[in-house]
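Comments concern the structure below.
The values are calculated or read from the model by the stated rules, or taken from the named source; none is laboratory data. All figures in this text were calculated on a predicted structure; none of them were measured in a lab. So basically every Cβ, Gly included, is an ideal-geometry build from the backbone, and we count neighbours across all protein chains shown. Remember, those area values only see protein heavy atoms, side chains included, never the ligands or the DNA or RNA. Shrake-Rupley method; radii C 1.70, N 1.55, O 1.52, S 1.80 Å.
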Amino acid sequence: MSCLGSWPEPVVCVQSLAESGIRTIPVRYVKPPSQRPSGAAVERNVPRNIPVVDMEKLQSAAEVKAMAEACKEWGFFHVINHGINGEMMECLKDKWTQFFHQPLDLKRQYANSPTTYEGYGSRLGIEKAAILDWSDYFFINYLPVSLRNTAKWPAFPPSKELIEEYGKEMVKLCEKVMKGLSMGLGLEEEYLLKAFGGEEGIGACMRANMYPKCPQPDLTLGLSPHSDPGGITILLPDHNVPGLQVRKGDDWITIDPIPNALIVNVADQIQVLSNGIYKSVNHRVIVNSNKDRVSLAFFYNPRSDLIIEPAKVLVTEERPALFPPMTFDEYRLQIRKRGICGTSQQEQST
């Protein structure tokens with residue numbers, strides 16, 4: 001990745017703002033009226049939750065079809081029976097919560113920059129005077145190992161061993177999901193994995209998210225509407241504080257977490273490879289006036305220098321290629337320059 005320099009302005013820790021006792025949020029976090037969460041429940045006949053896929057049944061045609069339909073209709077689904085130990089997941093969330101509650105001086109030892117984003121931060125994108133989101137985060141490069149900088153991993157909770165163990169389990173799960181996605185497109189089981197560079201070529205990273213309680217949650221967002229730029233994302237949500245919202249038509253649907261389930265979403269590179277059959281859907285995060293919310297996102301991506309384009313077998317006269325060929329590095333550089341703004345690969349190419 002090309003170096004993008006430093007942040008255009010001093011970075012403010014949102015958690016410190018929240019804990020300072022302010023009753024009104026700084027204007028830098030106030031969204032325009034059209035972008036604010038309505039706070040109203042969805043009244044139309046739209047399902048209130050995303051589909052559920054049972055990973056233990058994924059070898060069956062019925063469950064593969066269920067996954068494919070979820071990707072076409074929603075771009076999101078829960079996974080259950082995914083094989084990742086529930087106690088480990090809860091332990092990891094607890095440890096990250098402990099990290100975010102460390103003194104600010106300790107956390108700032110891990111301050112990040114736009115060069116790689118790795119470390120502790122509170123903003124995305126380098127646009128000067130941009131309206132910011134109400135969140136802090138810790139970003140970690142996991143794969144390829146050559147990009148893994150364990151010196152940037154926390155020396156206090158969570159442990160490096162726990163981060164690495166969770167990463168290994170998530171990679172295994174992502175490989176299973178990718179095989180299911182391939183079969184759902186009528187492709188050979190390994191097609192999407194190979195398109196990403198194979199098991200030895202893929203990239204992976206994770207981001208621990210802290211969405212502090214907010215005195216005016218109706219005026220801001222924890223994360224602005226966006227689609228994920230990579231391949232697939234697997235979210236370990238906060239099961240006690242809902243916050244993720246998925247765009248469905250004209251509605252924003254708040255996802256109700258399922259105990260021990262993870263949330264999977266299609267990202268832009270899978271949308272490209274599927275030639276738009278699978279949807280990379282805009283989503284956002286709302287914040288809470290009474291409670292902090294901590295979640296952990298795992299991003300599974302293609303090798304950065306590989307050309308990503310629609311699978312040839314999915315391109316026909318009736319459905320021509322919807323996206324131009326582009327490496328993930330090229331696409332990601334565009335994202336980092338403009339920050340979170342809700343435009344997916346599909347929207348850019350039309």
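Given the pairs LYS172/LYS312; LYS72/LYS176; LYS93/LYS128; LYS128/LYS213; LYS31/LYS128; LYS95/LYS291, which are separated by over 21 angstrom at their Cα positions?
Correct reply: LYS172/LYS312; LYS93/LYS128; LYS128/LYS213.
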- Item | Lys/Arg +1, Asp/Glu -1 at C-beta; the chain dipole; positive extreme among ILE286, ALA297, MET88 | ILE286
- Query: Among LEU193, PRO212, LEU181, whose Cα lies farthest out toward the positive end of the dipole of the range 179-225, if unit charges sit on the beta carbon of Lys, Arg (+1) and Asp, Glu (-1)?
  - Reply: PRO212
- Fraction of accessible area attributable to carbon and sulfur, the chain (%, probe 1.4 Å): 51 percent
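With N residues in the chain, what two-decimal value do you get for its Cα radius of gyration over 2.2 N^0.38 Å?
In units of the globular-protein estimate, the chain measures up at 0.95.
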- Query: ARG303: accessible area at probe 1.4 Å, nearest 10 Å²?
  - Reply: 100 Å²
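Can you list which of the DSSP-assigned H helices in the chain have a Cα extent of 15 Å or more along the long axis and an average Kyte-Doolittle score of at least -0.5?
61-73, 160-184
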- Message: Only four residue types carry charge here, +1 at the Cβ of Lys and Arg and -1 at the Cβ of Asp and Glu. Report the dipole size of the range 240-287 about the Cα centre in Debye, rounded to the nearest 20.
- Response: 60 debye
- Given +1 on the Cβ of Lys and Arg, -1 on the Cβ of Asp and Glu, and no further charges, what dipole in debye does the chain carry about its Cα centre, rounded to the nearest 20? 920 debye
- Item | For the chain, calculated [θ]222 nm from helices alone, where every DSSP H run of n ≥ 4 adds -39500 (n - 2.57) | -7500 deg cm²/dmol
- Note on the structure: Once Lys and Arg are counted +1 and Asp and Glu -1 for all other residues with Cβ under 15 Å from that of LYS176, the total becomes -4
- GluC sites (Glu not before Pro), restricted to the range 253-339: which are DSSP loop and have at most 14 other Cβ atoms within 10 Å? GLU317, GLU318
- Query: Could you give the accessible area per residue of the chain, probe 1.4 Å, as a whole number in Å²?
  - Reply: 43 Å²
- Note on the structure: Note, VAL266: beta-carbon cut-off 9 Å, +1 each Lys/Arg, -1 each Asp/Glu, net -1
- Item | Cα centroid separation - the range 196-211 against the range 87-150, whole Å | 14 Å
- Item | Coil-residue trypsin sites (Lys or Arg not before Pro) of the range 98-195, DSSP, other Cβ within 10 Å capped at 11 | LYS128
- Could you check which residue among GLY21, GLY167, GLY121 shows the biggest mean-square fluctuation in a GNM of the chain with a 10 Å Cα cutoff? GLY21
